[in-house]
Amino acid sequence: MEERIERLVKWARGEKASPYTLELNLTKKCNLRCRMCWLRGNQSNGEEMGDEDVKRVIREALDLGVREVRIPGSGEPFMRKKLLLEVMEMVKERKAKGLVITNGTLIEDEDARRIVEMGWDILTISIDGPREEVHDSIRGVRGAFRRTMEAIKRINEWKKKMGKEKPVLRMNVILAKDNLSMLKDMLKLGKRLGFSEVLFQPITIFSDEGRKMHVEGEILEKVLKEVEIEARKLGVETNVQRLIEERGFDYSEIRRLIFESLKGKEGFLKTLCFEPWYNMVISPEGFAGPCAVFGRSEINVRDHSLREIWFNLFEEYREKLKNGKFLEFCKNCCVPIFLENQRIRRELEARLNV
Ligand code: SF4
Ligand code: SF4
């Protein structure tokens, strides 16, 4: 958090700063067919970047001063395994922090060895059920659970063999009707497999199938409270408390809440959202935007350097947000981002002594 805030302080004082995080989406391809997956509701935006373009982007990002590279599961990153591992090694050679989100099914022994050897920081692995039949039914492919479990075992074995703490393992679990009665078992599984955190994710609805799985209301609230108690008992870190906090907000009210929270704020602190000042997201097709929500943009890394995009082309996003106007895609934004912006604003206020 600290260095990200340092950079925002610079912007607030009229100076310029580099992006702190780069979120690089390598592919929309996936070997699983999860019933709630966003890919079901999304069309391809064109051809994916070639390996050389991706490596150039990473080099430019690291030269620019990016300190954290996130490779999310927009598709399964290990579908481009050769490239992915090279990119990860580039990140670690420059001592930046790295995070990959994966379904874990494609990590073989040699991959696990390289990941541990390079000192990769965080591997977030999606597991949606404590047993094969639950997980595989959500993930749409038989054998997915077994393959993911094998990958975790390999990583843990290599960590032990090499005497390394990293990568830290985080478990992502979707909250669905299918697994709601098993969330406590997920905590136990996480503990047994050496995960540092078990993170529960509400389903974002992209398809009818996702709608059918979606859980809301009092049932979810009751379960989350029980899970929180169990997590404390087991000593497992989770995001449950944050989820309960987020549930106190009404999604449809979010814009009104944002404008209300800005009353009395001046200058940079009046900014609607700080993402375009510290974050750059790149889609598999090379489109660049300020956050995970943007989808497609006019800016493509195949046509511009990252420096030009960050210091010139992103100004358009910044101008709007600074002047109280949301961007076109902000209508799809969510409560966690609102809360994150509130946290950033509070830290900035403290740093700027206002
Ligand atoms: S693993 Fe991720 S990208 Fe692949 S189908 Fe499942 S949710 Fe979609
Ligand atoms: S979509 Fe959300 S995170 Fe992205 S710029 Fe808009 S408010 Fe910020």
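Laboratory data are not the source of any read-out in this text; all were calculated from the coordinates shown. All figures in this text were calculated on a predicted structure; none of them were measured in a lab. Every residue, glycine as well, gets a Cβ built from its backbone with ideal geometry; the counts of neighbours run over all protein chains shown.
List of remarks:
- Positive-end ranking of LEU180, SER196, ASN353 along the dipole of the chain, with charges on Cβ about the Cα centre, is headed by SER196.
- The Rg/Rh ratio for region 1-116 is 1.02, where Rg is the radius of gyration of the alpha carbons and Rh is the Kirkwood radius.
- Those Cys residues of the chain for which no other cysteine Cβ falls under 4.7 Å: CYS30, CYS273, CYS291, CYS330, CYS333, CYS334
- When the P(r) is computed for region 158-210, the part past 17 Å accounts for 48% of the Cα-Cα pairs.
- In this structure, the amide hydrogen of ILE203, modeled 1.01 Å from its nitrogen in the peptide plane, lies closer than 5 angstrom to those of LEU175, VAL215, counting only residues at least 5 positions away or on a different chain.
- Loop trypsin sites (Lys or Arg not before Pro), region 137-204 (other Cβ atoms within 10 Å of the site Cβ: 11 or fewer; DSSP): ARG142
- Relative contact order (%) - criterion: Cα under 8 Å, at least six apart; region: region 209-354: 21 percent
- Where only C-alpha atoms are counted, convex hull volume of region 239-286 per residue in Å³: 144 Å³
- Extents of region 109-194, largest first, come to 39, 23, 16 Å (Cα atoms, principal axes, whole angstrom).
- 4 °C / 1.567 mPa s Stokes-Einstein diffusion coefficient of region 254-354, Kirkwood radius on C-alpha pairs, µm²/s: 90 µm²/s
- Each of the GluC sites (Glu not before Pro) that DSSP puts in a loop and that has at most 14 other Cβ atoms within 10 Å breaks the chain; the longest unbroken stretch is 48-107.
- Table column - 3J(HN,Hα) (Hz), region 280-285, Karplus curve with 6.51, -1.76, 1.60, x for Gly and Pro: 10, 10, 10, 7, x, 8
- Based on C-alpha pairs under 8 angstrom that are at least 6 apart in sequence, region 170-276 has a relative contact order of 26 percent.
- Convex hull volume per residue in cubic angstrom - Cα atoms of the chain: 140 Å³
- Normalised alpha carbon radius of gyration of region 74-126 [divisor 2.2 N^0.38 Å]: 1.03
- Relative contact order for the chain, counting Cα pairs under 8 Å that sit 6 or more residues apart, in percent: 20 percent
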